[in-house]
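Below: one structure, written as structure tokens.
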Amino acid sequence: KGLSCMYIAKPVITECVNAAGGVQIKWNETKGAEFYNIMRRVEGETKCEKLVSRSSDPELKRIYTDTTVEEGKEYEYDVLSATDIFVSDSAETGSKIIYVPAPRINSRVNIIVDGLNGIEIKWNPVQNAVGYTVYRMESGTDAQLIEYGYAPEASFVDFTVKPGVSYTYSVQAHAVYS
């Protein structure tokens with residue numbers, strides 16, 4: 001009799017971002033995986049810790065939010081495919097990110113610039129942030145990305161507003177990651 005082995009590919013982290021209350025990571029599905037181990041290493045430490053194992057059930061999204069992060073610390077994440085017997089290889093380097101919390105919007109005013117109506121929102125700058133993404137939601141719809149960039153400014157003007165429509169805004173801070 002021979003030895004039965006199965007190669008399980010390592011998942012690829014497709015997103016590693018600062019999110020509400022922590023760092024959110026997403027990864028691709030890998031064939032043969034029964035579950036995924038989410039690993040984390042804190043900058044300055046040599047050991048990785050297993051945060052959680054997630055089922056590969058298609059009903060569960062391949063997404064995890066690490067809510068145990070601390071502001072200003074750098075974290076490195078890796079995701080491993082696994083079965084009860086086999087585990088995929090680890091990456092030499094995972095996805096790195098410095099956690100920065102979401103800023104709070106502290107003002108929202110209607111403005112007119114060069115004859116264009118708009119809404120200006122402002123927030124306090126977040127330490128270690130290299131830019132911000134502003135999301136807008138019209139009443140009765142899902143959040144819609146309206147601006148994306150790494151501008152260090154702590155304000156945004158939305159000139160696509162319509163009279164009589166209610167808007168909800170949220171801001172996500174970004175830190176350097178790889």
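The values are calculated or read from the model by the stated rules, or taken from the named source; none is laboratory data. Source: prediction; values computed, not measured. FYI the Cβ positions are ideal-geometry reconstructions off the backbone, even for glycines, and counts take in every protein chain you see. Protein only, heavy atoms only, side chains kept; ligands, DNA and RNA dropped before computing areas. Shrake-Rupley method; radii C 1.70, N 1.55, O 1.52, S 1.80 Å.
Just one of the listed residues (G21, G115, G94) is at pLDDT below 85 and open to solvent by less than 20 Å² (accessible area, probe 1.4 Å), namely G94.
Would you please list the contacts, defined by Cβ atoms under 9 Å and residues six or more apart or on different chains, that run from a residue in the range 9-24 that is free of Cβ contacts under 8 Å to residues at least 40 places away in the same chain to a residue that is open to solvent by 40 Å² or more (accessible area, probe 1.4 Å) and assigned to a loop (DSSP other than H, G, I, E, B)? Listed pairs, sorted by first residue: V12/N28; T14/N28; T14/R62.
In the condition set (1) among the hydroxyl-bearing types (S, T, Y); (2) within 18 Å of G94 (Cβ to Cβ); (3) surrounded by fewer than 16 Cβ atoms within 10 Å (Cβ to Cβ), S55 is compliant with all but (2). Residue-level analysis places Y36 outside the set of residues that are surrounded by 19 or more Cβ atoms within 10 Å (Cβ to Cβ) and under 13 Å from the mean Cα position of the chain (by Cα).
Among the residues making up the range 1-18, those that are surrounded by 14 or more Cβ atoms within 10 Å (Cβ to Cβ) and of a type outside the set (A, V, I, L, M) are K10, P11, C16, N18. Determine whether the range 70-91 contains at least one residue that is within 17 Å of the chain's Cα centre (by Cα), open to solvent by 80 Å² or more (accessible area, probe 1.4 Å), modelled with pLDDT of 85 or more and among the β-branched types (V, I, T). No, that holds for no residue. Taking (1) within 20 Å of the chain's Cα centre (by Cα); (2) of a type outside the set (A, V, I, L, M, F, W, C); (3) crowded, with 19+ Cβ neighbours inside 10 Å; (4) modelled with pLDDT of 85 or more in turn, N28 satisfies each apart from (3). Taking the criterion of being in a loop (DSSP other than H, G, I, E, B), farther than 24 Å from Q172 by Cα and among the aromatic types (F, W, Y), would at least one residue in the range 68-86 satisfy it? Within the range 68-86, one or more residues are in a loop (DSSP other than H, G, I, E, B), farther than 24 Å from Q172 by Cα and among the aromatic types (F, W, Y).
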